[in-house]
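S.K.: Quick one: structure below, then a few questions.
The values are calculated or read from the model by the stated rules, or taken from the named source; none is laboratory data. Quick caveat, the model's predicted, so the values are computed rather than measured. No Cβ is skipped: glycine too gets one built from the backbone with ideal geometry, and neighbour counts run over all protein chains shown. Keep in mind that these areas ignore ligands, DNA and RNA; they rest on the heavy atoms of the full protein, side chains included. Shrake-Rupley method; radii C 1.70, N 1.55, O 1.52, S 1.80 Å.
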Amino acid sequence: MRVLQRAAKHVVRRDTAAFAPSALPKLAPYKIFHVDAFEWLRHAKPNSIHAVVTDPPYGLVEYSPRELEKMRNGRGGVWRIPPSFDGCQRKPLPRFTVLDSHDRTRLRAFFKQLAERLLPVLVPGAHVFIATNPLVSHLVYGPFIDAGFEKRGEIIRVVYTLRGGDRPKNAHEEFPDISVMPKSCWEPWGLFRKPCEGRVQDNLRKWKTGGLRRISPSEPFKDLIYSSPARGFEREVAPHPSLKPQHFIRQIVRAALPFEQGVILDPFMGSGSTIAAASACGLQSIGLETNAEYYQLAAKAIPALARFAPTEGNGNGTKG
């Protein structure tokens, strides 16, 4: 499905000479690889990964060199180029609505292969958090369930974007009161679990997985998270089209390892937001990326994102 790139390994430890030790948060080590995810999973050790947090590609072609060049040029291709708004140029977004029946078949096959490759690599009780979209989530969930994963619900990321709400193309003046589809205000993240070995309590004792870490003893992890898009500093250091904000992704990785033990995998790490979030939360992680440009971006961006302190003031706040 993807061309296998020459594997490259980048291992980061906690010590960094460029910063004074007193100024550094306690960051966990991580490993990143420039490699095709499916090939890496094919050779990975069984029962070696304790959670997956990822935002995979959906158009299958949008991150090809040809489509990325069109996106950078600001015209053509599968990327939706939004207009300038309030003096700011908005980031391009994939056009999920252009998928035809052949694309949907390929997409389902992509997630079938991913689910089947992930299952043996995960320990029993491991959770998979996978970002998706209301238009294509069914193409993700079915293959994961068919592969043997248990669907454990969805995490709803409440976020306001420019997706949807548009009038009919080339006929907006004729139909001023019509939207082709709802303006999207949420992003679903499918939540799956590899079946536990025996009871959940037994699995927790043996594999340290099977449940989700609570926010506090009195407050459970919830499936509704308010999250602004990544802006400002995060966008400057990690200009990836699908960048997830640290405020949101840190809540996900924290919940994924109930005892803060084990390894989180992001097989499609992009600019490394998941790896940075895990490191910031003191959790070990592995990131895979087949695109050379994004791999190099991640290598530089992860340490900066991991030390970033998200607050409501910098556009990564929460509500409620």
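S.K.: Taking into account only those residues within the stretch 111-137 that are assigned to a helix (DSSP H, G or I), at pLDDT 95 or above and open to solvent by 10 Å² or more (accessible area, probe 1.4 Å), which is nearest to ALA51 (Cα to Cα)?
M.R.: So, considering only residues that are assigned to a helix (DSSP H, G or I), at pLDDT 95 or above and open to solvent by 10 Å² or more (accessible area, probe 1.4 Å), the one nearest to ALA51 (Cα to Cα) is LEU119.
S.K.: Find the residue count for the stretch 225-265, including only residues that are within 13 Å of the chain's Cα centre (by Cα) and under 15 Å from LEU297 (Cα atoms).
M.R.: 5
S.K.: Which one of these does LEU41 not meet: (1) surrounded by fewer than 19 Cβ atoms within 10 Å (Cβ to Cβ); (2) closer than 19 Å to THR290 by Cα; (3) at pLDDT 95 or above?
M.R.: Status for LEU41: all satisfied but (1).
S.K.: Which condition number in (1) over 20 Å from PHE38 (Cβ atoms); (2) at pLDDT 95 or above is the one that ASP266 fails?
M.R.: (1)
S.K.: In the list GLU187, GLU236, which residue meets the criterion of being in a strand (DSSP E or B) and either open to solvent by 60 Å² or more (accessible area, probe 1.4 Å) or at pLDDT below 95 (or both)?
M.R.: One residue alone meets the criteria, GLU187.
S.K.: Let me ask you something else. Does any residue of the stretch 196-204 turn out to be open to solvent by less than 10 Å² (accessible area, probe 1.4 Å), hydrophobic (A, V, I, L, M, F, W, C), assigned to a loop (DSSP other than H, G, I, E, B) and modelled with pLDDT of 95 or more?
M.R.: Checking the stretch 196-204: not a single residue is open to solvent by less than 10 Å² (accessible area, probe 1.4 Å), hydrophobic (A, V, I, L, M, F, W, C), assigned to a loop (DSSP other than H, G, I, E, B) and modelled with pLDDT of 95 or more.
S.K.: Taking the stretch 122-148 only, how many residues are closer than 17 Å to TRP207 by Cα and among the hydrophobic types (A, V, I, L, M, F, W, C)?
M.R.: Qualifying residue count, the stretch 122-148: 4.
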